[in-house]
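Colleague: Below you'll find the structure I mean.
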Amino acid sequence: MTEGLRVKQVIVVRKDLNMRKGKIAAQVAHASMGAILSFRDSFDGDTVVLRPTEEALYWLNTTFTKICVYVNSEEELVGLYERAKSAGIVSCLITDNGLTEFNGIPTKTCAAIGPALVEDVDAITGGLPLL
């Protein structure tokens, strides 16, 4: 692994949904785990085997830098997610089932961007306000 590699993950949350704090926490956890599990090579019921990139390996073994920011609409959220995917950055868009909030309507709540190089993630999320 390269020494001094700067890697992070940013979780983008929809503030317009006015989710409760606990709901936000759960959705952020889903997004972060979903991004990491996208590196899954196999799963035998007991063990998940990851095939992470150099950046993901570094992130998992060192600082685990994670930042939460917000947007004010589904369009903004989906747009950022699509930009990240187009740039080749591992990402995970979360759609809640709507069972505890959102009146039973599946709702896009947040997205994880990265782990990836800081400069690549910042190119997508750098101008967003902290949650």
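The values are calculated or read from the model by the stated rules, or taken from the named source; none is laboratory data. Remember, it's a predicted structure, so these values are computed and weren't measured experimentally. As a convention, Cβ positions derive from the backbone with ideal geometry for all residues, glycine included, and neighbour counts pool all protein chains shown. Ligands, DNA and RNA are stripped out before the accessible areas are found, and what is left, the full protein with its side chains, is counted by its heavy atoms. Shrake-Rupley method; radii C 1.70, N 1.55, O 1.52, S 1.80 Å.
Colleague: Please indicate, with yes or no, whether at least one residue in region 37-50 is under 17 Å from the mean Cα position of the chain (by Cα), buried (at least 19 other Cβ atoms within 10 Å of the Cβ) and not in a loop (DSSP other than H, G, I, E, B).
Modeller: For region 37-50, residues under 17 Å from the mean Cα position of the chain (by Cα), buried (at least 19 other Cβ atoms within 10 Å of the Cβ) and not in a loop (DSSP other than H, G, I, E, B): absent.
Colleague: Oh, and also: Check L77, L131, L99 and return the single one that is open to solvent by 70 Å² or more (accessible area, probe 1.4 Å) and farther than 29 Å from G4 by Cβ.
Modeller: Only one candidate passes the filter, namely L99.
Colleague: State whether the residues of region 85-96 include one that is farther than 20 Å from K8 by Cβ, among the polar types (S, T, N, Q), open to solvent by 50 Å² or more (accessible area, probe 1.4 Å) and within 15 Å of the chain's Cα centre (by Cα).
Modeller: Yes; the residues of region 85-96 include at least one that is farther than 20 Å from K8 by Cβ, among the polar types (S, T, N, Q), open to solvent by 50 Å² or more (accessible area, probe 1.4 Å) and within 15 Å of the chain's Cα centre (by Cα).
Colleague: With (1) open to solvent by 50 Å² or more (accessible area, probe 1.4 Å); (2) at pLDDT 80 or above as the list, and K23 as the residue in question, which single condition is left unmet?
Modeller: Status for K23: all satisfied but (1).
Colleague: A further question on this structure: Could you identify the single residue in V121, V78, V71, V90 that is without any contact (Cβ under 8 Å) to a residue 40 or more places away in the chain and not small (G, A, S)?
Modeller: It is V78.
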